[in-house]
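The next block holds one structure in the form of structure tokens; read it before the comments.
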Amino acid sequence: MSGKRQASTLRVVSAEILDFLTVFLIGRYLIGAAAGLFGSGEAAFSFADWQGLALVFLIVAYFYLLSRTGGGTLWQRILKAKRH
């Protein structure tokens, strides 16, 4: 044994769900703000336009890049739920 304990499944799944919700909500807000749609009377975010594609790219990039780093994603760090 290497001495490292594996994180519980509940913590790993919780971290994944919280990571997805975090990047989805913050990404949606930031993309809507970048599109300049807040306060214009239009919907602030639309999946039919380029914003949906940008959000999907942001989510994939978040999980790919942060999972490959030594520290893991935001909620993996907080919940100490890194997979080894």
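The values are calculated or read from the model by the stated rules, or taken from the named source; none is laboratory data. The shown structure was predicted, so the numbers you read here are calculated from the model rather than taken from an experiment. Neighbour counts are summed over all protein chains in view; Cβ atoms, including those assigned to glycine, are modelled from backbone coordinates with ideal geometry.
Looking only at the range 7-24, decide whether some residue is surrounded by 11 or more Cβ atoms within 10 Å (Cβ to Cβ), part of a loop (DSSP other than H, G, I, E, B) and at pLDDT below 85.
Scanning the range 7-24, I find at least one residue that is surrounded by 11 or more Cβ atoms within 10 Å (Cβ to Cβ), part of a loop (DSSP other than H, G, I, E, B) and at pLDDT below 85, so the answer is yes.
In the set GLY32, GLY39, GLY71, which member is modelled with pLDDT under 85 and out of contact with any helix residue (DSSP H, G or I) (no Cβ under 9 Å at 6 or more places or on another chain)?
The unique qualifying residue is GLY39.
Taking the residues in the range 42-60 that are part of a loop (DSSP other than H, G, I, E, B) and surrounded by 15 or more Cβ atoms within 10 Å (Cβ to Cβ) as candidates, determine which candidate is modelled with the highest pLDDT.
PHE45
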